[in-house]
1. Please enumerate the residues belonging to the range 191-229 that are within 29 Å of residue 293 (Cα to Cα) and over 26 Å from the mean Cα position of the chain (by Cα).
2. Kindly provide the set of residues from the range 76-104 that are over 30 Å from the mean Cα position of the chain (by Cα) and part of a loop (DSSP other than H, G, I, E, B), ordered by number.
3. Are any of the residues in the range 217-235 part of a loop (DSSP other than H, G, I, E, B) and surrounded by fewer than 24 Cβ atoms within 10 Å (Cβ to Cβ)?
4. Kindly indicate whether residue 93 is at pLDDT 90 or above and either closer than 29 Å to residue 173 by Cα or surrounded by 20 or more Cβ atoms within 10 Å (Cβ to Cβ) (or both).
5. For the range 183-199, what are the residues that are within 30 Å of residue 148 (Cα to Cα) and surrounded by fewer than 19 Cβ atoms within 10 Å (Cβ to Cβ)?
6. Any residue in the range 200-212 that is loosely packed, with under 15 Cβ neighbours inside 10 Å sitting within a Cβ distance under 9 Å of a residue that is in a loop (DSSP other than H, G, I, E, B)? List the pairs, counting only those 6 or more apart or interchain.
7. Does at least one position in the range 243-260 carry a residue that is buried (at least 22 other Cβ atoms within 10 Å of the Cβ), over 16 Å from residue 96 (Cβ atoms) and either out of contact with any strand residue (DSSP E or B) (no Cβ under 8 Å at 6 or more places or on another chain) or in contact (Cβ under 8 Å) with a residue 12 or more places away in the chain (or both)?
8. Taking the residues in the range 264-292 that are part of a helix (DSSP H, G or I) and without any contact (Cβ under 8 Å) to a residue 40 or more places away in the chain as candidates, determine which candidate is surrounded by the most Cβ atoms within 10 Å (Cβ to Cβ).
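The values are calculated or read from the model by the stated rules, or taken from the named source; none is laboratory data. Not measured: the values here are computed from a predicted model. Positions of Cβ are generated from backbone atoms using ideal geometry, with glycine treated the same way; all protein chains shown enter the neighbour counts.
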């Protein structure tokens, strides 16, 4: 009878983020110039978020009573103390954008971690159990997918109460079906392979089959989905903040900043434009990076 060590030896190598070698992966990734641009922008955003305490000129919640709606420095009436201007209560917009980047990255990380962990467990359970359990899990995911994601997130936050944590939890719930269906499909494909049968014959239990044998070979599509889901989480959380259901003032969250600036779009364009541009650039960067990652990890899409 085959042993588990023998099965591990004949099992295919797990789909690693960098197939073959880092050099080969980078060569495949760098073909997509948009992906490289997205990666560069991502690194800049991460660096500014990590160093916000050092590079932000002011506290994000400090109010300067003599500088209400001060324009950017290049406009008439602007001040070098506030390079991107101030909002309606005298808070420095640049400082709030820098701290808002940290908060947006935290939102994306928490949402992707929660939905990825729960989706992996549910997807593997559905694939291995089959029968009634599989049908029940997948029909539940189908019910969640019936509702528009933002509408369902609003309902969840309305039930739990408006707060940043509840907004992250709501976004994780609405993105859960994507990970569950992806893991289930990948696991079903792997279950038909010979190394899984050999592992069963060697006496591997269900948990070992799930997490030690099958899951490592399902990581490539999960990595791509997580990178694309990161941008979606930031966008959905910003939408909830804009509606007043996410982070509450004076928290420097980009969606909340947009909500407070909406009434000033004619007389003070900067209080609306800069948070909106921050959301646009961040979401675009993660989407470009995710597309390049998908192309590099999928042999069928390599050029």
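1. Step one: of the range 191-229, the residues within 29 Å of residue 293 (Cα to Cα) are 191-196, 208-229.
Matches in the range 191-229: 191, 192, 193, 194, 195, 196, 208, 209, 213.
2. Residues of the range 76-104 over 30 Å from the mean Cα position of the chain (by Cα): 76-82, 88-90.
Those that are over 30 Å from the mean Cα position of the chain (by Cα) and part of a loop (DSSP other than H, G, I, E, B): 76, 77, 78, 80, 81, 88, 89, 90.
3. Here is the first cut: in the range 217-235, the residues part of a loop (DSSP other than H, G, I, E, B) are none.
No, the range 217-235 contains no residue that is part of a loop (DSSP other than H, G, I, E, B) and surrounded by fewer than 24 Cβ atoms within 10 Å (Cβ to Cβ).
4. Working: at pLDDT 90 or above: yes; either closer than 29 Å to residue 173 by Cα or surrounded by 20 or more Cβ atoms within 10 Å (Cβ to Cβ) (or both): yes.
Yes, satisfied.
5. At the first step, the residues of the range 183-199 found to be within 30 Å of residue 148 (Cα to Cα) are 183-189.
Of everything in the range 183-199, those that are within 30 Å of residue 148 (Cα to Cα) and surrounded by fewer than 19 Cβ atoms within 10 Å (Cβ to Cβ) turn out to be 185, 188, 189.
6. Correct list of pairs: 201/1; 201/2; 203/1; 203/3.
7. Yes, some residue in the range 243-260 is buried (at least 22 other Cβ atoms within 10 Å of the Cβ), over 16 Å from residue 96 (Cβ atoms) and either out of contact with any strand residue (DSSP E or B) (no Cβ under 8 Å at 6 or more places or on another chain) or in contact (Cβ under 8 Å) with a residue 12 or more places away in the chain (or both).
8. So the first thing to find is which residues in the range 264-292 are part of a helix (DSSP H, G or I), and the list is 264, 270-292.
Add one more test, that the residue is without any contact (Cβ under 8 Å) to a residue 40 or more places away in the chain, and what stays is 272-273, 276-277, 280.
Numbers: 272: 19, 273: 17, 276: 15, 277: 12, 280: 11.
Out of the qualifying residues, it is 272.
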